[in-house]
Amino acid sequence: MNTDNSLLLLQRALREARTQDDVQFYRLLRTGVSILKLTEEDIAHQFGASRPTVKRWLAGTSAPHPAVRRPVYDWLLGQTAKARSVQ
């Protein structure tokens, strides 16, 4: 699958994401990190979280409160838009 198609699929999934779903949060965050080449530090800095907290989010062992998930999804959407404009 080419990168542009991956970005489009990720964008769609982020827009449709339900903030109550822990598993969906984990999967979308991991997918976003993989496709966008983000680091734990990028995410921690953006959301004022510690690296160990972000590491737990990426491992699926914890997730932020549902109210925090929409801002994460929106930030990832912004990152996908930037990535698409660079291509």
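Each value in this text was obtained by applying a stated rule to the coordinates, not by laboratory testing. What you see is a predicted model; the values in this text were computed from it and never measured. Quick reminder, even Gly has a Cβ in these numbers, built from the backbone with ideal geometry, and neighbours come from all protein chains shown.
Of note:
- Local charge for L7 was computed over the other residues whose Cβ lies under 11 Å away, with Lys and Arg +1 and Asp and Glu -1, and equals +2.
- Across the chain, the mean sequence separation of Cα contacts (distance under 8 Å, 6 or more residues apart), normalised by length, yields a relative contact order of 38 percent.
- Overall form of the stretch 1-44: oblate. Here a/c, set by the Cα gyration tensor axes a ≥ b ≥ c, is 1.5 or more, and a/b is not larger than b/c.
- Inverse of mean 1/r across different Cα pairs in the chain, Kirkwood, Å: 12.9 Å
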